[in-house]
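J.: Mind looking over this structure? Questions follow.
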Amino acid sequence: MKRMRFALVAAAAVSALALAGCAGGGGEATEEPTAEPAPTFAAGSTMEKLSEAGKVTIGTKFDQPLFGLVGPDGVPVGFDVEIAKIIASELGIDEENITWTETVSANREPFIENGQVDFVVATYTINDKRKEVISFAGPYYMAGQSILVLADNDDIKSEDDLVGQPVCSVTGSTPAAKLAEIGAEPVLTDTYSNCLEPLRSGAVVAVSTDNVILAGLAAQNEGEFKVVGEPFTEEPYGIGLTKDDTDFRMWINDVLEEAYADGRYEEAWNSTAGTVLPYVEPPAPDRY
């Protein structure tokens, strides 16, 4: 894809004045720099509308360490946030013109359907049920469901040890559905951070969701928890957008592939989730 980067308008170069006594008596004009063109998109496309508006509303998690966590200034930080910024930048939209909206697992589809957000980047697993009501670009990361327990718990080693046990997860999430499928007793809340107190108190024996989310929670609460077992599902993270907006979906896939190739994706990873987790090559976007 031919990259269309938004450039700041360069200041006009001023002519240099000749020093007195220089040969020819005149100054040479410096070459005026050429500004990169602003992005251009097909008329009527979502990309054109957002680019011309100069602003975008993006849904992400506010309580997911490493991926989407609200910082001291009230602005979310993390890998998902950086991926969203890359997409916005290709629309010609600066960070200060992004409105971040908290999207928990249960409200991501409704927020997209109702137009409350322009797209969602929020540890959002692509699956066929969700694709009935929204579309996905990506995947841009492959996670897997795992288990978080207290640091001194040596009894739970795999998903088999969760059968018949109370395990915390989040309403509307694919991990919650998987827990019911394997015979655990899901205890559901709205955010994964709200699972930690029940785990501390013994009301649940574990928290189960994607391994990268659990790693972030463990890192944020050093010494209290540990992640155990091997991932027992595949969770391809995608970017949620309006159903059947094919042009926008394919364009985002182009942006992702370009970010893979030019190093922006790896840079985004290393500055966020990569402080705890190893870098892995991203999956190819699914151009369904």
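The values are calculated or read from the model by the stated rules, or taken from the named source; none is laboratory data. Keep in mind that this is a model prediction, so the values were computed, not measured. When we count neighbours, we look across all protein chains shown, and the Cβ atoms used for this are built from the backbone with ideal geometry, even at glycine.
J.: How do the pairs read when you match residues in the stretch 251-279 that are at pLDDT 95 or above and hydroxyl-bearing (Ser, Thr, Tyr) with residues anywhere that are surrounded by 13 or more Cβ atoms within 10 Å (Cβ to Cβ) and part of a loop (DSSP other than H, G, I, E, B), using Cβ under 7 Å and keeping only pairs 6 or more apart or on different chains?
T.: So the pair list comes out as TYR260/PRO282; TYR265/PRO282; THR272/LEU66; THR272/GLY78.
J.: Condition test on VAL120, is it within 30 Å of ASN253 (Cβ to Cβ), among the hydrophobic types (A, V, I, L, M, F, W, C) and in the same structural domain as THR103 (by TED's automatic domain parsing)?
T.: Criteria met by VAL120.
J.: Now for a separate question. Just for the stretch 116-127: of the residues that are in contact with a helix residue (DSSP H, G or I) (Cβ under 7 Å, 6 or more places away or on another chain) and assigned to a strand (DSSP E or B), which one is farthest from ALA176 (Cα to Cα)?
T.: Residue satisfying both the conditions and the ranking: VAL120.
J.: If I filter the stretch 101-110 for residues that are in the same structural domain as ASP190 (by TED's automatic domain parsing), part of a strand (DSSP E or B) and not charged (D, E, K, R), do I get at least one hit?
T.: Scanning the stretch 101-110, I find no residue that is in the same structural domain as ASP190 (by TED's automatic domain parsing), part of a strand (DSSP E or B) and not charged (D, E, K, R), so the answer is no.
J.: Look at the stretch 65-85 and say how many of its residues are assigned to a loop (DSSP other than H, G, I, E, B) and surrounded by fewer than 24 Cβ atoms within 10 Å (Cβ to Cβ).
T.: Matching residues across the stretch 65-85 total 5.
J.: Is there any pair linking a residue in the stretch 128-155 that is assigned to a strand (DSSP E or B) to one that is of a type in the set (Gly, Ala, Ser) and surrounded by fewer than 23 Cβ atoms within 10 Å (Cβ to Cβ), with Cβ under 7 Å and at least six apart or on different chains, and which?
T.: SER146/GLY229; ILE147/GLY229; LEU148/ALA218
J.: So, of the residues in the stretch 155-192 that are in contact with a helix residue (DSSP H, G or I) (Cβ under 7 Å, 6 or more places away or on another chain) and not hydrophobic (A, V, I, L, M, F, W, C), which turns out to be nearest to THR209 (Cα to Cα)?
T.: Step by step, filter the stretch 155-192, then rank; the result is SER169.
J.: For the stretch 246-259, check the following and say yes or no: at least one residue is more than 30 Å from LEU150 (Cβ to Cβ), hydroxyl-bearing (Ser, Thr, Tyr) and out of contact with any Lys or Arg (no Cβ under 7 Å at 6 or more places or on another chain).
T.: Yes, the stretch 246-259 contains at least one residue that is more than 30 Å from LEU150 (Cβ to Cβ), hydroxyl-bearing (Ser, Thr, Tyr) and out of contact with any Lys or Arg (no Cβ under 7 Å at 6 or more places or on another chain).
J.: Any chance you could count how many residues in the stretch 131-154 are touching a helix residue (DSSP H, G or I) at 6+ places or on another chain (Cβ under 7 Å) and surrounded by fewer than 20 Cβ atoms within 10 Å (Cβ to Cβ)?
T.: 3
J.: In addition: Do you know which residues across the stretch 40-65 are out of contact with any Asp or Glu (no Cβ under 8 Å at 6 or more places or on another chain), touching a residue at least 40 places away in the same chain (Cβ under 8 Å) and under 19 Å from LEU256 (Cα atoms)?
T.: Selection gives SER51 alone.
J.: Would you check which residues across the stretch 204-232 are of a type in the set (Gly, Ala, Ser), touching a Pro at 6+ places or on another chain (Cβ under 7 Å) and surrounded by fewer than 19 Cβ atoms within 10 Å (Cβ to Cβ) and list them?
T.: Within the stretch 204-232, ALA219 is the sole residue that qualifies.
J.: Starting from the stretch 70-89, keep only residues that are under 13 Å from THR57 (Cα atoms), then list their pairs with residues that are of a type in the set (Phe, Trp, Tyr) and surrounded by 24 or more Cβ atoms within 10 Å (Cβ to Cβ) whose Cβ atoms are within a distance under 9 Å, requiring at least 6 positions of separation or different chains.
T.: Between residues of the stretch 70-89 that are under 13 Å from THR57 (Cα atoms) and residues that are of a type in the set (Phe, Trp, Tyr) and surrounded by 24 or more Cβ atoms within 10 Å (Cβ to Cβ), the close pairs are VAL81/PHE67; ALA84/PHE119; ILE87/PHE119.
J.: Sticking with this one: Could you please give the count of residues in the stretch 155-172 that are of a type in the set (Val, Ile, Thr), within 24 Å of THR123 (Cβ to Cβ) and surrounded by fewer than 18 Cβ atoms within 10 Å (Cβ to Cβ)?
T.: 1
J.: Tally time: how many residues in the stretch 128-179 are under 14 Å from LEU199 (Cα atoms) and not β-branched (Val, Ile, Thr)?
T.: Of the residues in the stretch 128-179, 10 are under 14 Å from LEU199 (Cα atoms) and not β-branched (Val, Ile, Thr).
Listed here are the residues, each with its yes/no results for (1) within 15 Å of the chain's Cα centre (by Cα); (2) modelled with pLDDT of 95 or more.
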position	(1), (2)
PRO65	yes, no
GLY78	yes, yes
VAL81	yes, yes
LYS85	yes, yes
LEU91	no, yes
ASN97	no, yes
VAL104	yes, no
GLU109	no, yes
GLY115	no, yes
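J.: Something else: Restricting attention to the stretch 47-64, and to residues there that are outside any loop (DSSP other than H, G, I, E, B) and touching a Leu at 6+ places or on another chain (Cβ under 8 Å), which single residue is farthest from VAL121 (Cα to Cα)?
T.: Here the residue is SER51.
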